């Protein structure tokens, strides 16, 4: 195989960009590939949101360390988090699972129980899916949600001088299995804070901030002293690049900061594109930083 032709050279996000160029969408699609959710025309005052995520054994979880209920919980939670990132409410889900034939009946039921328990919390109807043989456990869930047209948030709306805000503190080693998606916080954000862009932190703070900046054509100035962490001891560099935090990162006008609830943290501001991502460290010195978050391939 030609070494230059490998996906490892293209990278996950480079591959996504190539897919975008060879796919087309009809007039019913408001937003296709490239954001947390696809956005589809629906009703006079609402859009449909469509999200899908796949979990693969050995990549997103290991059987030795994760109970089946926790794996099921995560498989649905990552999709709900994408719906939250677009300002929406999840409604329906379909579940496709590939399992080794030696998987016990009890294990499979516990896996689905984890999905069902979280679905009940968010009043999501599980309406179908598929099952297949696989050498490793694979779960792919797709979720339909809805969002008021006025509440829809994408990654592309950040404006110069907007404040960059986190919906909660980060962790160097977050609970990537049993986290709760931030639907309530998302609704508070869209109803009260006039946000301009939003994303959930799945790849890492810097990486996901980078997605917002790329789509918005902006740069950012962030402050080390303002970035919150729940851990007493941690590596700041690791904190910035650790994925699966699943807090919301959003931008909003500075004149709305007085409306910011307790537990939300302003960490920087949107700047012109030419500034890239600039970090002000604890000594006040500025330096350009690049994302090192998680990517497939």
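The values are calculated or read from the model by the stated rules, or taken from the named source; none is laboratory data. Fair warning: this is a prediction, and the values are worked out from it, not measured in the lab. Note: ideal-geometry Cβ built from the backbone for every residue, glycine included; neighbour counts use all protein chains shown.
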State yes or no: is residue 252 farther than 30 Å from residue 55 by Cα, buried (at least 16 other Cβ atoms within 10 Å of the Cβ) and in the same structural domain as residue 160 (by TED's automatic domain parsing)? yes
Selection status of residue 109, surrounded by fewer than 19 Cβ atoms within 10 Å (Cβ to Cβ) and either in the same structural domain as residue 168 (by TED's automatic domain parsing) or outside any strand (DSSP E or B) (or both): yes
Across segment 109-141, what is the total count of residues that are farther than 25 Å from residue 182 by Cα, without any contact (Cβ under 8 Å) to a residue 40 or more places away in the chain and in contact with a helix residue (DSSP H, G or I) (Cβ under 9 Å, 6 or more places away or on another chain)? 2
Could you tell me whether any residue of segment 22-33 is in the same structural domain as residue 94 (by TED's automatic domain parsing), modelled with pLDDT under 95 and in contact with a helix residue (DSSP H, G or I) (Cβ under 6 Å, 6 or more places away or on another chain)? yes
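Take the residues in segment 261-282 that are in a loop (DSSP other than H, G, I, E, B) and in contact with a helix residue (DSSP H, G or I) (Cβ under 9 Å, 6 or more places away or on another chain), then tell me which one is nearest to residue 221 (Cα to Cα).
Looking at residues that are in a loop (DSSP other than H, G, I, E, B) and in contact with a helix residue (DSSP H, G or I) (Cβ under 9 Å, 6 or more places away or on another chain), I get 276.
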So residue 160, is it over 18 Å from residue 190 (Cα atoms) and either in a strand (DSSP E or B) or under 16 Å from the mean Cα position of the chain (by Cα) (or both): no
Would you tally the residues in segment 238-264 being under 18 Å from residue 161 (Cβ atoms) and in contact (Cβ under 8 Å) with a residue 12 or more places away in the chain? 10
Exactly one of 175, 203 is buried (at least 21 other Cβ atoms within 10 Å of the Cβ) and either assigned to a strand (DSSP E or B) or within 19 Å of the chain's Cα centre (by Cα) (or both), and that one is 203
Is it the case, given these coordinates, that residue 76 is under 30 Å from residue 191 (Cα atoms) and at pLDDT 95 or above? yes
Taking segment 148-157, which residues are in contact with a helix residue (DSSP H, G or I) (Cβ under 8 Å, 6 or more places away or on another chain) and in a loop (DSSP other than H, G, I, E, B)? 153, 154, 155, 156, 157
Qualifying residues in segment 178-195 (those that are in contact with a strand residue (DSSP E or B) (Cβ under 7 Å, 6 or more places away or on another chain) and part of a loop (DSSP other than H, G, I, E, B)) - the one surrounded by the fewest Cβ atoms within 10 Å (Cβ to Cβ): 194
Quick check on this structure: which one of 102, 94 is in the same structural domain as residue 142 (by TED's automatic domain parsing), out of contact with any strand residue (DSSP E or B) (no Cβ under 6 Å at 6 or more places or on another chain) and surrounded by fewer than 21 Cβ atoms within 10 Å (Cβ to Cβ)? 102
Report yes if residue 256 is closer than 19 Å to residue 186 by Cα and not in a strand (DSSP E or B), otherwise no. yes
Scan segment 212-233 for residues that are in contact with a helix residue (DSSP H, G or I) (Cβ under 7 Å, 6 or more places away or on another chain) and farther than 21 Å from residue 155 by Cα and jot them down. 224, 229
